[in-house]
Amino acid sequence: MNFHHIPVLFNETIELLDCKPGDLVVDGTLGGGGHAEAILERILPGGTLIGIDRDPAALTAASKRLDRYKGSLITVHDNFANLDSILDKLGISAIDGMIMDLGVSSYQLDKDSRGFSYRSDAPLDMRMNPTQTLNAHKVINEYDEGKLARIISEFGEERWAARIAKFIVRNRPINTTYELTETIKAAIPAGARRRGPHPSKRTFQAIRIEVNRELEILEDAIETASKMLRPGGRLCIITFHSLEDRIVKNTFRKLQDPCICPPQSPICICGKEAMVEIINRKPITPSEDEVKENPRSRSAKLRACQKLKV
């Protein structure tokens with residue numbers, strides 16, 4: 001299967017990133033190279049794009065797609081959470097812009113063997129980086145009931161989390177996505193299953209987030225990226241569920257207004273200075289036409305900030 005991923009909010013992201021010839025830009029989630037190609041077209045001549053992805057399949061596909069730009073493209077198999085060390089190894093001290101397209105790609109969802117989807121039967125995996133040790137099978141079969149319930153509740157916002165965790169532990173070993181889906185269906189009362197999204201959607205999201213530490217790394221990654229931006233440089237982030245978006249929104253706000261002085265204090269004495277300015281107060285969402293063309297874009301939100309100029 002070829003690496004296929006439809007970039008979401010494509011035009012809006014490229015416009016907000018506002019790349020110019022000669023810029024040094026980071027794509028923290030290179031994927032199939034859709035956003036990267038548009039960025040490269042705008043930063044040449046003289047620019048460089050650093051494409052980071054933890055999925056080797058994405059790096060291979062993007063490298064092929066962007067072969068004609070290879071003199072201006074640096075690909076890195078890593079996690080964008082390690083941006084500071086990645087740039088340090090490359091001898092780079094500052095960047096002009098960065099994009100993060102969070103969540104799981106269409107390729108990863110549609111590739112049965114990766115185990116991300118509840119719509120096909122596959123081994124429990126869900127690793128974005130297939131070389132890491134922790135996978136969905138270990139989470140489902142080795143975590144205790146309390147930890148499973150907490151993860152499903154917090155990361156999946158699933159009201160039946162405790163009951164689902166109990167059924168998972170009771171039905172171990174669970175080896176495939178089909179077995180997990182059937183266990184989840186059995187745990188959720190029939191009346192609740194008939195309402196809302198697929199009964200497995202929230203639990204699968206929660207397990208995937210746990211396996212890949214998606215929320216755990218996000219705040220620090222945003223702060224690091226903001227520090228690495230040159231004055232005027234921009235950071236654009238696309239999220240796909242409320243948990244991600246909340247972290248992005250709150251971290252941007254903290255970087256724009258970091259003061260921790262008591263509200264009654266007449267002047268700021270904490271000494272914390274703003275690092276960025278939020279560009280769009282409200283997130284940009286897909287148009288009706290985009291949602292019709294790509295239903296997976298429905299929940300996407302785009303937020304951007306700009307490094308303050310000295």
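The values are calculated or read from the model by the stated rules, or taken from the named source; none is laboratory data. Only a predicted model underlies this, so the values are computations on that prediction, with no experimental measurement involved. When we count neighbours, we look across all protein chains shown, and the Cβ atoms used for this are built from the backbone with ideal geometry, even at glycine.
In the range 290-304, the residues that are in contact (Cβ under 8 Å) with a residue 40 or more places away in the chain form Cβ pairs under 7 Å with partners that are among the basic types (K, R) and assigned to a helix (DSSP H, G or I), at six or more places apart or across chains, as follows: R303/K249. Of the residues making up the range 56-83, those that are under 18 Å from the mean Cα position of the chain (by Cα) and either of a type in the set (D, E) or surrounded by fewer than 17 Cβ atoms within 10 Å (Cβ to Cβ) (or both) are P56, H77, D78.
Those helices (runs of 4 or more DSSP H) of the range 214-301 in which at least 2 residues are closer than 27 Å to A94 by Cβ and within 14 Å of the chain's Cα centre (by Cα), considering only elements entirely within it, cover 218-228, 242-256.
One residue is enough: does the range 221-233 have a residue meeting the conditions modelled with pLDDT of 95 or more, in the same structural domain as A165 (by TED's automatic domain parsing) and among the small types (G, A, S)?
Applying the first criterion (modelled with pLDDT of 95 or more) to the range 221-233 yields 221-233.
Next, from what is left, pick out any that are in the same structural domain as A165 (by TED's automatic domain parsing): none.
Taking every residue of the range 221-233 in turn, none turns out to be modelled with pLDDT of 95 or more, in the same structural domain as A165 (by TED's automatic domain parsing) and among the small types (G, A, S).
Restricted to the range 141-161, and to residues there that are of a type in the set (A, V, I, L, M) and over 15 Å from P199 (Cβ atoms), the residue that is surrounded by the most Cβ atoms within 10 Å (Cβ to Cβ) is L148.
When G31 is tested against the conditions (1) at pLDDT below 95; (2) surrounded by fewer than 24 Cβ atoms within 10 Å (Cβ to Cβ), the lone failure is (2).
Somewhere in the range 281-293, is a residue surrounded by 13 or more Cβ atoms within 10 Å (Cβ to Cβ) and more than 14 Å from F10 (Cα to Cα)? Yes, because at least one residue in the range 281-293 is surrounded by 13 or more Cβ atoms within 10 Å (Cβ to Cβ) and more than 14 Å from F10 (Cα to Cα).
Consider S299 carefully, then state whether it is exposed (fewer than 15 other Cβ atoms within 10 Å of the Cβ) and hydroxyl-bearing (S, T, Y). Working first, answer last.
Details: exposed (fewer than 15 other Cβ atoms within 10 Å of the Cβ): no; hydroxyl-bearing (S, T, Y): yes.
When the stated conditions are applied, S299 does not pass them.
Residues of the range 1-42 that are without any contact (Cβ under 8 Å) to a residue 40 or more places away in the chain and not charged (D, E, K, R): F10, N11, I14, P21, G22, G33, G34, A36, A38, L40. Every test in (1) farther than 17 Å from R281 by Cβ; (2) in contact with a helix residue (DSSP H, G or I) (Cβ under 9 Å, 6 or more places away or on another chain); (3) at pLDDT 95 or above is passed by F240 save one, and that test is (3). T177 - would you say it is crowded, with 18+ Cβ neighbours inside 10 Å, touching a residue at least 12 places away in the same chain (Cβ under 8 Å), farther than 23 Å from R296 by Cα and among the polar types (S, T, N, Q)? It is false that T177 is crowded, with 18+ Cβ neighbours inside 10 Å, touching a residue at least 12 places away in the same chain (Cβ under 8 Å), farther than 23 Å from R296 by Cα and among the polar types (S, T, N, Q). Looking only at residues in the range 84-112 that are free of Cβ contacts under 8 Å to residues at least 60 places away in the same chain and charged (D, E, K, R), the one that is surrounded by the most Cβ atoms within 10 Å (Cβ to Cβ) is D112.
Among the residues in the range 183-194, are any assigned to a loop (DSSP other than H, G, I, E, B), among the small types (G, A, S) and surrounded by fewer than 22 Cβ atoms within 10 Å (Cβ to Cβ)?
Step one: of the range 183-194, the residues assigned to a loop (DSSP other than H, G, I, E, B) are 188-189, 194.
Then keep just the ones that are among the small types (G, A, S); that gives none.
No: zero hits.
Is it fair to say E216 is under 21 Å from R127 (Cα atoms) and loosely packed, with under 15 Cβ neighbours inside 10 Å? Taking the combined requirement at face value, the residue satisfies it.
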